[in-house]
Every structure is written in C-alpha cells, then in structure tokens.
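This report refers to the structure that appears directly beneath it.
The values are calculated or read from the model by the stated rules, or taken from the named source; none is laboratory data. Small disclaimer: the values here were computed from a predicted structure and weren't measured. Using ideal geometry, Cβ is built from the backbone for each residue, glycine included, and neighbour counts are taken over all protein chains shown. Please note that ligands, DNA and RNA were not included when accessible areas were found on the heavy atoms of the full protein model with its side chains. Shrake-Rupley method; radii C 1.70, N 1.55, O 1.52, S 1.80 Å.
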Amino acid sequence: MAAVSLKIDGKTVETAPGRSVMQAARDAGIGIPALCDHPALPPEGACRICLVEIEGQRAPQPACTFQVSAGLVVQTRSPHVVAARKLVLELLLSDHPLDCLTCESTGSCLLQDLAYEYDVKGDRWRGRHHDYPVDSSNPFIQVDRNKCIVCRRCVRACNSINGVEAISIFHRGFNASIGFGADGPMQDSPCEFCGSCVAVCPTGALRPKLAIGKGRPWQVKKVDTICSYCGVGCKLTLHVRDNRIIGADGAWDGPVNRGWTCVKGRFGHDYVRHPDRLTKPRVRHYLLHGGKKRRDGTGWDWVETDWDTALEVAARGLCQIRGKYGADSIGVLCSAKCLNEENYLMNKLARQVIGTNNIDHCARL
Amino acid sequence: MKSDSLSTTSSFEPVLTRNIHRPGSEKIETYLGNGGYRAARRALERTPAEIIQLIKDSGLRGRGGAGFPAGVKWEFMPRDASQKYLAVNTDEGEPGTFKDREIVERDPHQVIEGALIAAYAVGAGRAFVYIRGEFFLGVKRWTKAIADAYEHGFLGKNILKSGFDLEMSVHRGAGAYICGEETAMLESLEGKPGNPRLKPPYPAQAGLFGLPTLVHNIETLACIPHIIERGPDWFAGIGTAQSKGPKIFSVSGHVNRPGNYELPLGVTLREIIYTHAGGVRDGRRLKAVIPGGASTPIMTAMQIDVPMAFETLRAAGSELGTGAVIVMDETTCMVEVARRLTRFFSHESCGRCVPCRIGSVRLYEALERVERGQGEIPDIDRILELAHGIGGITFCPMGTALVNPARSAIKCFRNEFEDHVRKGHCVVSRRAFRGGPDGKDSHRR
Ligand SMILES: Cc1cc2nc3c(=O)[nH]c(=O)nc-3n(C[C@H](O)[C@H](O)[C@H](O)COP(=O)(O)O)c2cc1C
Ligand code: SF4
Ligand code: SF4
Ligand code: FES
C-alpha cells in the first residue's frame with residue numbers, strides 16, 4: 001500500500017496506512033509519552049498522557065489511537081498538550097503512594113520518569129486515596145494495587161500474549177482496580193505465572209518477588225541469553241548483579257518468543273546459585289571403585305568425578321547390557337530441554353551406535 | 001419575571017404521547033385501535049432506500065442526547081453485510097430525564113413499530129433492547145409487548161407477508177449510567193463490563209458482536225411511524241431550522257406541574273416552565289434551569305427565552321441533550337447543585353480514563369470544601385482550572401460532560417461560591433454548616 005506522509009513537529013514523516021500517530025512518531029524517532037500504550041499490545045487510549053494536537057481537531061487527540069492519514073499535521077509538544085499531560089500526571093500522583101525511595105520500581109517506572117520530565121509533584125490535587133493491602137501470597141508476583149494506574153497493560157498482556165484472561169478490572173470509577181479470576185488471589189485464578197503482566201506493568205504494581213530488594217536498574221548488568229530450560233530457545237535478558245542473576249525478562253526481539261516466557265524462564269533462575277545444584281558429574285562409588293551394588297553400603301554413595309570418567313562408566317554399562325541382553329533391551333528417552341541438534345545426535349546414538357529403535361521424546365508422551 | 005406568557009404552541013397536537021393517557025395504553029389492542037402498525041404495513045411495501053430517504057427528508061435527529069441525524073446514520077449501515085443488528089437504547093440514566101420510561105411503560109408498541117421500520121430500512125434481522133435495570137415495570141411492559149407483537153405477526157418470520165424477518169429480545173442493564181453510551185451499551189449487551197469502546201470503528205461499521213449495528217434512543221424510534229404516516233414534510237414543518245419535529249420535555253424541579261410535555265422543538269424554555277409546567281412553585285422566583293439533563297450546562301433565569309433546539313441552546317452556551325428541563329427556584333444553593341451533580345458523575349465514571357476516573361473525584365472534593373466554607377477564594381479558580389483541564393481530554397463524552405455543572409455554576413453564580421468561602425455558610429438556603437468530620441450531611445436548616 002502507498003505510504004502516508006504526515007508532519008509531526010514540523011518534520012515530514014512517511015509511514016504505512018493504518019498506523020497510529022504514536023507508531024509513526026516512534027518510527028521517526030519522535031518520542032511521545034505513553035503509559036497505557038505498549039508496542040506489543042493492542043491500543044487502549046485510557047491514560048491520556050499521549051495527547052497531541054492535530055490540526056483540524058477541536059480537542060487534543062491520543063496519539064496511540066489516532067490513525068495516520070495523508071497530510072496530518074501533528075504537534076506533540078504544544079503548550080496545550082503539555083498542560084494536559086501535566087494534569088493527567090498530577091491526577092495520577094494524587095492517588096499514588098509516592099514511596100519511590102523504597103519502591104521496587106524506582107528507576108524503571110514510567111510514572112516516575114514522566115513526573116520527573118514534566119516536573120509534576122504529587123501535591124496538587126491530594127484527596128481521598130486508596131489503601132489496599134499488598135498481596136504477596138503467591139511465590140512469584142507481588143501485587144500492590146495502590147500503585148496501579150489502571151492502564152490495563154496487564155489485562156491486555158494476559159489476554160493477547162498469554163491468552164489466559166486471568167486479569168480483569170473490577171469495580172468502576174475511582175475504585176476501578178485489577179483483579180484475578182473471580183477477584184481472588186492470583187494463584188486461585190487461571191494465571192499461569194508467565195509474568196507477561198509483570199513485564200509490561202509501567203509502575204510498581206506488579207513486581208517479581210524474587211527480585212525485590214536485590215538491586216536498582218543502574219546497579220544491574222543486562223545479559224542476553226537463551227533460556228536453558230527447554231529446546232524452544234526463548235531469548236532472555238538476565239539482570240545480573242555481583243555475578244548473581246536477580247531477575248529475567250523475555251527479550252522483545254527474541255525471534256521465537258518475542259517477549260514472552262513461561263514461568264520457569266522468567267522466575268525460575270534461583271537454581272543457578274542453589275546449594276543443591278549439581279555442577280559436576282557423579283558416579284556411584286561401586287562403579288568406580290568396585291565392590292557390591294548394594295543400597296545399604298557405602299558402594300551406593302555418589303562420588304564426584306570428571307566428565308570423561310563419568311561418560312566412560314556410562315558407556316561401559318550400556319555396552320555390557322547390550323552384550324548380555326541385546327540392543328533392544330535398551331531404550332532412550334530424550335528431553336525437551338535439549339536442542340534439536342542434541343536430540344538428533346541422541347537419535348544417531350540410539351539407532352546407529354546402540355542399534356535400537358527404542359527412542360522417544362518426553363514432549364511426545 | 002413574567003409569570004405567564006401566551007403559548008406559541010397552542011395549535012400543536014401531541015403525537016408521541018397521544019395514547020399514553022388512555023386506559024390500557026400499553027396494550028396491543030389499544031395501539032391497534034388507534035391506527036397502530038399501519039405505518040409498518042405501509043413501510044414494508046416500500047423499498048428500504050425509500051424509507052431512508054423519507055427519514056432523511058424529515059430532518060429527524062437522535063433524541064438520546066447527541067442529536068445525530070438519523071437518516072445519515074442509517075446510510076452508514078453497510079448494504080452488503082449479511083447480518084446486521086439494531087440496538088434499542090432504553091437505558092435512560094441522565095438525571096432529570098424520564099421520557100423514555102414513560103414511553104416504554106405506556107406505549108411500547110410505538111417503539112416496536114419504529115424499530116421494525118428502522119430494522120427493515122437498514123436490513124437488520126435482530127433487535128436487542130437494552131433497558132435500564134431499575135425499570136422494573138418497563139421490563140415487564142417491553143417483554144409483554146414483544147410477545148404480543150410476535151403473536152400478531154409484527155415480529156418473527158415473514159412479517160406481514162413481506163418476506164422480512166425480525167427477532168427482538170429484551171436485555172436488562174445492571175445500573176450504570178455509562179451503559180447508556182452506545183458503545184458501552186454494546187459491551188454490556190455482550191456480557192462485558194460497561195466501558196465505552198474506541199471509535200472508530202463506529203457501531204454502524206462494527207457494533208454488537210462485531211457486526212454492523214444501528215443504535216437508537218427509543219424516542220427517536222417512536223417518531224418513525226409518525227413520519228411514515230404523516231410524511232416527512234409534516235415532521236420537517238415542526239421545529240426550527242436545524243431541529244425538527246415534536247420532542248418530549250421532562251420537566252422536574254421547582255415547578256407546580258412537573259412531568260413530561262410533548263411540544264414542538266423550538267418552544268421556549270419560558271413557555272415550557274410557565275405555560276405548561278404551571279410556573280415556579282409557591283410563586284417563587286426562578287433562579288436557574290438545566291435545559292437538557294444533568295450533563296448540560298446550567299442557564300440563568302435571564303436566558304429562558306431561548307428556543308429549545310439543538311442550535312439555539314448551543315449558541316446560548318448549553319445543549320439540548322435529552323431535553324430534560326430541571327427548574328431551580330431562588331432557594332436553591334448553586335454550590336450544592338454543582339457538588340451533587342458532580343458526585344453523580346464521579347460515582348458513574350466507568351474508570352477507564354484518568355481525567356474522569358480521578359479528576360471527577362478531585363472536582364467533587366474541591367466543591368465540597370468550598371460548599372462547607374473550608375476553602376479559599378483561589379480554590380474557586382482551581383475548580384475552574386480542573387474542570388477546564390478535564391473537559392475535552394477524556395476517552396468518552398461523559399468525562400467532558402461531568403465538568404459542566406461545576407463550570408457553568410461558577411460561571412453564572414460565582415458570587416455564591418465566594419459567599420460560601422467568605423462567610424462559611426450558605427446565604428441562599430440560610431443553611432449553617434455543622435462541619436461534620438466525614439463531610440456527610442453537613443447541612444442543616
Ligand atoms: C455518558 C452517556 C450516556 C448516555 N446515555 C444514554 C441513554 O441513557 N439513553 C440514550 O438513548 N442515549 C444515551 N446516550 C447517547 C448514546 O450514546 C447514543 O448517542 C444514542 O443512544 C443514539 O441514539 P439516537 O441517535 O437515537 O439519539 C448517552 C451518551 C453518553 C455519552
Ligand atoms: S497492574 Fe500495572 S499493568 Fe496492570 S493495570 Fe495496574 S499499572 Fe497497569
Ligand atoms: S470519560 Fe473515561 S472514565 Fe469517564 S466514563 Fe468515559 S471512558 Fe469512562
Ligand atoms: S498512551 Fe495513549 S492514552 Fe495512554
């Protein structure tokens with residue numbers, strides 16, 4: 001389709017038809033503030049922070065929902081829209097805890113950043129405010145409704161990224177707030193704890209419990225990696241402080257996951273430093289040093305060893321079994337945690353080295 | 001103030017309300033006995049395009065508040081869609097408005113007939129009636145009327161042997177003002193929370209369950225059989241340049257005879273109040289009028305010679321809205337009026353967008369402080385600043401309407417707000433403030 005040409009802040013911008021003013025501006029490197037809008041989610045138009053002036057329109061329009069058309073003339077920083085944004089921020093802050101000092105989101109909070117940018121304090125329209133109990137009854141996600149700005153990013157992420165529809169808005173007006181399932185605890189809802197909601201929440205309302213208190217964004221090194229849990233190969237960005245993983249995000253540019261992860265990828269990184277984690281191969285004592293194969297003696301104990309030794313022991317055992325009972329007495333079960341290539345090699349090992357067709361995969365069971 | 005004036009509309013004969021005072025007016029027999037469903041029979045003999053043209057020629061504009069030309073909306077309905085819907089808006093939640101309720105309770109067949117003609121003209125095979133949950137009698141009357149219309153062959157398959165089918169059902173709301181807004185109503189009909197939708201797409205493009213949907217207020221639909229019967233010229237001959245036809249004005253407040261009055265559009269407020277509604281109660285002086293329901297700006301007694309029409313009220317700084325006239329006499333405290341109406345809107349905010357969700361509460365709180373004499377003079381300008389800031393930046397029109405009471409009350413009666421602040425009590429109602437800590441019931445005589 002033919003490109004559409006419009007003017008944003010005096011700059012001519014070419015974009016595809018059907019895009020929003022927000023998208024067109026973003027592509028052109030012009031920043032328009034957004035709270036409810038998120039590139040991975042359908043537009044919502046709820047927060048009104050992205051208001052821009054559009055020639056020919058009586059009132060300011062939200063950039064995130066206004067579609068481009070040829071010849072549009074947009075002002076993103078006119079005094080009128082800056083005043084409107086300030087009012088929106090003042091109103092949001094008028095019902096916000098303002099405990100940024102200890103808030104887990106300090107440094108990664110869009111509300112904080114915008115309040116700073118627009119020089120808005122929280123004292124202009126103070127009045128009735130909410131005092132919800134903080135819910136940390138599940139192992140992964142802390143829910144603090146006092147910090148929720150009802151942007152519905154989490155609702156949309158749950159619906160359109162994970163497809164679970166565990167989150168919705170309960171009550172109306174000033175008391176509108178997020179809720180799970182039939183407005184109970186998160187763990188009693190259909191929630192799968194994929195954490196997509198946490199990833200998109202612009203404030204401190206939804207936070208990963210494992211990361212709380214572990215480090216500010218500027219103390220954290222971001223390391224891109226591929227998740228080690230399964231063969232899907234989701235791209236993760238690990239948050240590392242003092243060589244310890246304190247959190248993980250799905251990378252939005254990950255070709256297979258595009259930001260999404262499952263509960264393990266996002267929250268299951270404490271195993272890395274866990275004292276129970278095995279970091280070296282182990283072999284039963286009797287296999288290395290001879291003696292009886294008995295469960296009650298020391299021969300049954302695990303002995304740490306090197307890989308060559310461990311593999312040699314395993315190979316020897318397999319050869320013995322094959323020699324005694326035949327190749328079909330051996331079966332191979334592959335793992336979804338292995339890569340395609342590893343599974344392929346396992347298949348070669350089973351069929352061509354061991355000589356059996358007894359091979360299957362856990363994901364098929 | 002002149003307390004009496006000659007009626008300019010004495011020759012006007014009511015049509016929409018002509019049956020409602022007959023005994024058993026809600027029954028299909030009564031309706032049929034007075035020429036009911038004759039218009040539908042005629043309409044079904046003509047082509048849909050002809051009907052649309054008639055409605056366009058009549059100049060009929062929506063009676064639900066926005067005043068959008070009905071014929072234009074009908075033309076927006078895509079011709080090629082295989083399935084289309086009609087949604088009948090009986091949510092009527094605008095404070096001061098009680099016309100739809102009377103129509104449903106006393107003459108539901110008039111609306112069914114209008115709906116049938118509209119559905120035929122735009123090719124909708126299914127009509128969903130959405131009715132405010134508190135209208136218990138209305139629900140009963142709708143349900144009975146629909147059942148009777150099915151029985152007499154005015155609904156269902158092959159209506160009057162025309163080959164046209166229309167199914168109709170009633171759905172009750174759960175008590176939210178915002179569900180009268182057409183897209184919130186569609187959400188509610190779909191079983192979802194009543195939040196307005198993003199527009200575009202408009203309901204005519206993608207409405208109920210994603211299908212093209214024509215949404216109408218029931219007073220709009222009630223006009224349609226009469227336009228078919230008497231012709232578009234008759235309808236266009238009533239009213240002003242841009243506001244045609246008869247209109248039901250719900251008059252409430254400090255008048256001697258509150259009630260619904262069907263009058264031609266363009267009738268003056270003065271005539272409505274003094275000739276039809278019997279003037280201000282106890283011979284008191286008129287102080288202020290809200291001309292079109294709670295969301296329309298307040299006007300002063302000086303302005304009542306304005307004709308009640310879309311264009312004239314807009315020029316006068318207000319709106320025709322639903323045509324619900326709320327009359328206030330000299331004993332009314334305008335600070336209290338602004339505070340209470342703002343409370344209504346903040347209570348009814350759906351909570352979707354920030355300016356309405358939080359702004360309405362802050363506006364209410366500021367008004368409450370001033371009313372109780374706890375504010376300072378600059379607080380009055382802060383109220384205006386907030387109202388001005390919220391207006392025009394909300395997701396739906398409700399957020400913008402919510403600032404009208406505060407803004408217009410200060411504009412017209414600023415001295416009363418200042419009196420509250422300076423004197424700490426209300427000069428108008430001679431009320432003192434108990435100054436209760438919770439702010440509730442702070443008034444006493
Ligand atoms: C906050 C709000 C509340 C509304 N409530 C009603 C209502 O109760 N009844 C109604 O008919 N229209 C109501 N409307 C207007 C509808 O959105 C819509 O314009 C109307 O139903 C269209 O019908 P009409 O063209 O026949 O007027 C409301 C609009 C808003 C913004
Ligand atoms: S919890 Fe976060 S993402 Fe969800 S609505 Fe609240 S602020 Fe938005
Ligand atoms: S203005 Fe916003 S919060 Fe208010 S009713 Fe409309 S969408 Fe809901
Ligand atoms: S970012 Fe556009 S309205 Fe929230």
_Estimated FRET transfer efficiency when R0 is 35 angstrom, pair A:ALA2-A:CYS338 (beta carbons, to 0.05)_ = 0.15
*Of the accessible area of the protein assembly as shown, with the probe set at 1.4 angstrom, what percent is carbon plus sulfur?*
51
*Among the lysines, which have Cα under 22 Å from the Cα of A:LYS221 when same-chain residues fewer than 8 positions away are ignored?*
A:LYS209, A:LYS235, A:LYS264
*Would you kindly calculate the mean projected area, averaged across all directions, of the convex hull enclosing the Cα atoms of segment A:4-77, in square nanometres?*
4.4
*If you take the charge dipole of chain A about its Cα centre, with +1 on Lys and Arg Cβ and -1 on Asp and Glu Cβ, which of A:LEU92, A:MET186, A:HIS80 is farthest toward its positive end?*
A:MET186
*Cα-Cα P(r), chain A, percent of pairs per 20 Å interval*: 22, 44, 23, 10, 1
*How many square angstrom of accessible surface are buried between A and B, both sides summed, with a 1.4 Å probe and rounding to 100?*
2500
*What residue among A:ASP296, A:ASP123, A:ASP144 shows peak mean-square fluctuation when chain A is described by a Gaussian network model with Cα springs under 10 Å?*
A:ASP296
*Could you list the square roots of 5 times each eigenvalue of the Cα gyration tensor of the protein assembly as shown, that is, the equivalent ellipsoid semi-axes, sorted largest first and rounded to whole Å?*
64, 35, 23
*Taking N as the number of residues in segment A:278-320, what is its Cα Rg relative to 2.2 N^0.38 Å?*
1.13
*Relative to the longest principal Cα axis of chain B, at what angle does helix B:359-371 sit, 0 to 90 degrees, rounded to 10?*
40
*Solvent-accessible area per residue for the protein assembly as shown (1.4 angstrom probe, square angstrom)*: 46
*asked:* Suppose we take every Cα in segment B:9-236 and form the convex hull; what volume per residue is that in Å³?
replied: 119
_Overall dimensions of chain B by Cα: Rg and Dmax, Å_ = 22.5, 73
*Helix B:334-348 axis, angle to chain B major axis (alpha carbon atoms, nearest 10°)*: 50
*To the nearest 10 degrees, how steep is helix B:136-151 against the longest Cα principal axis of chain B, on a 0 to 90 scale?*
10
_Interface residues, segment A:147-192 - accessible area loss of 50 Å² or more versus chain alone, probe 1.4 Å_ = A:ARG152, A:ARG172, A:GLY173, A:PHE174
*asked:* Counting only protein heavy atoms, probe 1.4 Å: which residues of segment A:78-93 lose 50 Å² or more of accessible surface in the full assembly compared with their chain by itself?
replied: A:LEU87, A:LEU91
*asked:* I want to verify a result. In a Gaussian network model of chain A, Cα cutoff 10 Å, which of these has the top mean-square fluctuation: A:SER78, A:SER160, A:SER108?
replied: A:SER78
*asked:* I'm a student and want to see the number: the projected area of the Cα convex hull of segment A:326-365, averaged over all directions, in nm².
replied: 2.6
